[in-house]
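This report refers to the structure that appears directly beneath it.
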Ligand SMILES: [Zn+2]
């Protein structure tokens, strides 16, 4: 039985034959999961899935507002709704 920190499916494992003939399992570093949209949960593209220490800032994010947190379709919907709200507020002010 491996120690508790190693007992997870997100670690890659490999069966290795030792010089004495035993078959042992070697555990590798845990891989981070795919980054996902905060609204719909779809996986985000353009972000490298590595340990943060191994990648530069530009590889970890997208240079757009809410880039790396929200997908393009959800951001477009939010911006359209915001513009609509602004427009209706302007219309009600103008009619009074
Ligand atoms: Zn989304």
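For the structure I just gave you, tell me whether residue 7 is surrounded by fewer than 12 Cβ atoms within 10 Å (Cβ to Cβ), modelled with pLDDT under 85 and more than 16 Å from the ligand (Cβ to nearest atom).
Working: surrounded by fewer than 12 Cβ atoms within 10 Å (Cβ to Cβ): yes; modelled with pLDDT under 85: yes; more than 16 Å from the ligand (Cβ to nearest atom): yes.
Spelling it out, residue 7 is indeed surrounded by fewer than 12 Cβ atoms within 10 Å (Cβ to Cβ), modelled with pLDDT under 85 and more than 16 Å from the ligand (Cβ to nearest atom).
What is the residue count in the stretch 68-96 for residues that are assigned to a loop (DSSP other than H, G, I, E, B) and in contact (Cβ under 8 Å) with a residue 12 or more places away in the chain?
Of the stretch 68-96, the ones assigned to a loop (DSSP other than H, G, I, E, B) are 68-71, 96.
From the residues that got through so far, the ones that are in contact (Cβ under 8 Å) with a residue 12 or more places away in the chain too are 68-71.
Summing the residues that are assigned to a loop (DSSP other than H, G, I, E, B) and in contact (Cβ under 8 Å) with a residue 12 or more places away in the chain in the stretch 68-96 gives 4.
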* Asked: Mind checking which pairs have a first residue in the stretch 1-23 that is free of Cβ contacts under 8 Å to residues at least 60 places away in the same chain and a second that is surrounded by 10 or more Cβ atoms within 10 Å (Cβ to Cβ) and in a loop (DSSP other than H, G, I, E, B), Cβ under 8 Å, 6 or more apart or different chains?
  -> 1/7; 10/31; 11/31; 12/31
* Structure fact -> Over the stretch 19-38, the set of residues more than 19 Å from residue 8 (Cβ to Cβ) and more than 12 Å from the chain's Cα centre (by Cα) is 19, 20, 21, 22, 23
* What is the number of the single condition among (1) over 12 Å from the mean Cα position of the chain (by Cα); (2) surrounded by 10 or more Cβ atoms within 10 Å (Cβ to Cβ); (3) assigned to a loop (DSSP other than H, G, I, E, B); (4) at pLDDT below 90 that residue 49 does not meet? -> (1)
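The values are calculated or read from the model by the stated rules, or taken from the named source; none is laboratory data. Note that the structure is predicted; figures quoted are calculated from it, not measured. As a convention, Cβ positions derive from the backbone with ideal geometry for all residues, glycine included, and neighbour counts pool all protein chains shown.
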